[in-house]
Structures are given as structure tokens and as C-alpha cells.
Amino acid sequence: MKNPESETKIPLTRVMWQSIFRNPIPETDLERSSTSFTNFFLHLHPVKVHKNTLRPAYTLGLGLMSLFLFLILIVTGVLLMFYYVPSTTQAYDRMLDLRGTVAFGIFLRNMHRWSAHGMVAIVFLHLCRVFLTGAYKKPREFNWVIGVVLLLVTLFLSFTGYLLPWDQLAIWAITVGSNMAKATPLVGAGGPFAKVMMFPGTDVPMIHAGSDARFFLLAGTFVGENALLRFYVLHCVFSPVIGTVLIAIHFWRIRKDGGISGPL
Ligand code: HEM
């Protein structure tokens, strides 16, 4: 004989579903959109999108590719941090160890390197796509500006990461690169404004070799121990945090600007 109580019992799967998603298992469009709104992960995607924005040929998926390369760089970068030591006596040897003795070390390092190169190329192509489709126009001007800063962050990540292997290529590339900072307008010791920035009536420059943009970048006047530590912090903490915050704002703006622009 059937137990009348068991008939009114809510199945365990439904109880579990509702405790996580707060909504019944969706059957109608309204229930599906309600589930999306109330779920942290699902609400990242819009409930409704224009048909055009789903056409892969419009965006070429370049923005999402940039995001995934950034995520790969974060994951592989954190794993590399377990082995790497930012000191002039150890950095190069640690890099060689990664290539020769650490299990999957060379795979990890190459994944990080190739994703970094890929990200520079893909972010640039994404910028070209946005430009060529006119997606930078009203109301997306601000997101274009955020995008330009994201491109600069991507380039800065590549630049600061370049020093970390501490081989000859790295040291001399950063020596050349940081020398360019000398010519930064206003804050570069060798720049066009340095002469203008003399204390009136004296030969004493307001900006001198010891306090210009290059000095700030290298934490000294040459590429040495201080520069390596500074580049390590800029590469592993400062730039990824700025990048993550800007990417979050970039995505939030896409939603607030009415989704991805569509072809006319
Ligand atoms: C880390 C770098 C970046 C990431 C992860 C990223 C990600 C994305 C994603 C996922 C989209 C959605 C559409 C698509 O896939 O094309 C998008 C749209 C957009 N991005 Fe980026 N982006 C980055 C850099 C840039 C740059 C460098 C620019 C321009 C200077 C830019 C400007 C825009 C604009 C204006 C849109 C809206 C496009 C539209 O509505 O058609 N982004 N971005």
C-alpha cells in the first residue's frame, strides 16, 4: 500500500537544486531568466542578447580570447611563482631549473611565454576589430578609453616580465627600454622638457638623473638587484591587479552600453 506522506515529499534533487539556485527547475522562459538573474555565475551573462551579437564573424571572439589568455597567464604565472626567486644570484638558475629539472617546468614556462605573446597580438587585433566596426562611437567611447589603458597594461606586463629570466637578453633589453624613459616629457631627465624645468636663474634642473621616470622604474640608476625586485612586484602584483579591475569595468560597461554593438 502507498504511504500518503511519501507522495507529498519533495524529491531530494529538487531540494538541493532550490537550496543552490533559489528557483524551481526552470521550464518556462520566465523561470529561466529568473534563474539567471539570481545566480552569481549565470548573471554575468545577459538574459537577452541581440541576434547579431551571437554572430561569430562580427567580434571574431577576439575579446573573449584576450580574456582567456589573461586567465591562462594568471594561472601559469602563479605556478611559476612557486619556483622563481627575484634575486640576481638565483633568478637565472631558477629559470634553467624550470627548463631542465622541474616536472612539466618547460611546458609551464612556454605556456606562460606564448600566452603573453599571443595576448599582445590578440588584444591589438581586438582593438582593430572595434575600430573597423566603429564600435568605439557613442555610447561606447568610455569603454574604448578603458580598452586603450588595457592595451597599455598588457604591454607593460610583457615589458616587466621580460627582465625576470635575468639572462643577457633580458638585462640589455630592459637597459635599452628603460633608457627610453629618460626622454619622457616633463618627468624624463633627457627629455625635451628637462631643460625648461630648470630652477629659474640657475643651472639646477628640477628633474635630475636621480629622480626621473627611469629612476622610478628601475629603483636605481642601472638594471640591478633593485630593478629586478621592482619589476617582479610590478609584473606579479601591480599590473595583474590593475588589469583584473579594468577588465571587470570593461565587461560591466559592455552590459551598461546595451550589449555588444551590432552590424547595421
Ligand atoms: C585585456 C584586454 C581586453 C579584454 C579581455 C577585452 C574583452 C572584451 C570582450 C570579451 C568584449 C566583448 C566583444 C568581443 O569579444 O569583441 C569586448 C568589447 C569591447 N572592447 Fe575589449 N577587451 C580588451 C581590450 C580592449 C581594447 C585594447 C580596446 C580598444 C582600445 C577595447 C575596446 C572594446 C570596446 C569598445 C568593446 C565594445 C565593442 C562592441 O560593442 O562591439 N577592448 N572587449
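The values are calculated or read from the model by the stated rules, or taken from the named source; none is laboratory data. This structure is a prediction, so every number in the text was calculated from the model and none was measured. Cβ sites come from the backbone with ideal geometry, for glycine too, and all protein chains shown count toward neighbours. The protein model used for the area step is the full one, side chains on, heavy atoms only, and it has no ligands, DNA or RNA in it. Shrake-Rupley method; radii C 1.70, N 1.55, O 1.52, S 1.80 Å.
For the set Lys48/Lys137; Lys9/Lys48; Lys51/Lys137; Lys51/Lys138, the pairs lying more than 31 angstrom apart at their alpha carbons are Lys9/Lys48. Here the Karplus curve 6.51 cos²θ - 1.76 cosθ + 1.60, taken at θ = phi - 60°, turns the phi angles of the range 137-146 into couplings of 6, 2, x, 9, 4, 5, 5, 4, 5, 4 Hz, with x standing for Gly and Pro.
If you wrap the tightest convex hull around every Cα atom of the chain and split its volume per residue, you get 215 Å³. Placing +1 on each Lys and Arg Cβ and -1 on each Asp and Glu Cβ, with no other charges, gives the chain a dipole about its Cα centre of roughly 740 debye. Accessible surface calculations at 1.4 Å, restricted to protein heavy atoms, place the range 1-123 at 75 Å² per residue. Ligands, DNA and RNA aside, Ile249 has an accessible area near 60 Å² when probed at 1.4 Å. Adding -39500 (n - 2.57) for every DSSP H run of four residues or longer, then dividing by how many residues the chain holds, sets the calculated 222 nm ellipticity at -18500 deg cm²/dmol. Shown for the chain: the carbon plus sulfur share of the solvent-accessible area, taken with all protein chains present and a 1.4 angstrom probe, equals 71%. Treating each Cα of the range 121-264 as one equal point scatterer and applying the Debye formula with no solvent, the log10 of I(q)/I(0) at q = 0.10, 0.15, 0.18, 0.20 Å⁻¹ comes out as -0.50, -0.88, -1.02, -1.10. Over the range 140-264, accessible surface divided per residue gives 57 Å², non-protein components excluded, 1.4 Å probe.
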